[in-house]
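Heads up, the thing below is written out as structure tokens.
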Amino acid sequence: MAESFKLQNVLNHRQRLENLAQQKLADSLRRETELQKQLAAARAELEKTRQELGSLQRSGITAQELLLFNGSINRQRKNLKALLEQAVRHRREVSDNRELLAATTREKKLLENLKEKKEAENQVLNRRRESATLDELALRLGKYSP
């Protein structure tokens with residue numbers, strides 16, 4: 001008769017926590033990738049505006065146009081700075097989610113190892129019981145044989 005693992009509910013809960021941590025990490029990695037795309041686009045836009053300004057400066061530009069370009073460049077820099085700050089937060093979030101996943105995986109693995117150990121102990125116990133039963137049966141049959 002096999003005994004059930006008494007901590008199976010806890011193991012199931014740990015598995016659910018690990019699954020949630022995996023999903024959380026995947027979501028944060030997806031957001032980080034999207035943010036990297038936004039950063040690349042913002043950098044490209046800023047570089048394009050700077051090149052356009054340089055080209056216009058070489059060919060001649062009015063003060064009004066210069067002010068407009070400088071305002072646009074300043075807005076783009078602020079946007080880029082905000083995106084960079086957001087990227088730092090996202091990297092920290094990804095790191096935290098990786099640590100969370102590692103911790104939940106360790107906790108689940110600990111319970112899995114305990115379950116395996118308990119199953120191995122039960123197998124040894126079952127073999128001993130079976131062996132004792134067979135020995136007893138052999139002794140009884142031995143008494144009745146000629």
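Please state which of the following conditions GLU121 fails to meet, knowing it meets all the rest: (1) touching a helix residue (DSSP H, G or I) at 6+ places or on another chain (Cβ under 9 Å); (2) under 30 Å from GLN15 (Cα atoms); (3) among the acidic types (Asp, Glu).
(1) is the only condition that GLU121 fails.
So, in the stretch 1-55, of the ones that are surrounded by 15 or more Cβ atoms within 10 Å (Cβ to Cβ) and among the small types (Gly, Ala, Ser), which residue ends up farthest from LEU67 (Cα to Cα)?
Within the stretch 1-55, the match that is farthest from LEU67 (Cα to Cα) is ALA21.
Are any of the residues in the stretch 70-90 in contact (Cβ under 8 Å) with a residue 60 or more places away in the chain, part of a helix (DSSP H, G or I) and within 22 Å of LEU35 (Cβ to Cβ)?
There is at least one residue in the stretch 70-90 that is in contact (Cβ under 8 Å) with a residue 60 or more places away in the chain, part of a helix (DSSP H, G or I) and within 22 Å of LEU35 (Cβ to Cβ).
Please determine, by comparing only the residues of the stretch 25-43 that are farther than 25 Å from ILE73 by Cα and of a type in the set (Lys, Arg), which one is farthest from the chain's Cα centre (by Cα).
ARG31
Is at least one residue of the stretch 116-135 part of a helix (DSSP H, G or I), more than 34 Å from the chain's Cα centre (by Cα) and either among the small types (Gly, Ala, Ser) or under 30 Å from GLN22 (Cα atoms) (or both)?
yes
Quick note: the coordinates plus some simple rules give every number you see, no bench work behind them. Bear in mind the structure is a predicted one, so any value in this text is a computation, not a measurement. Please note: Cβ atoms are built from the backbone with ideal geometry, for glycine as well, and neighbour counts cover all protein chains shown.
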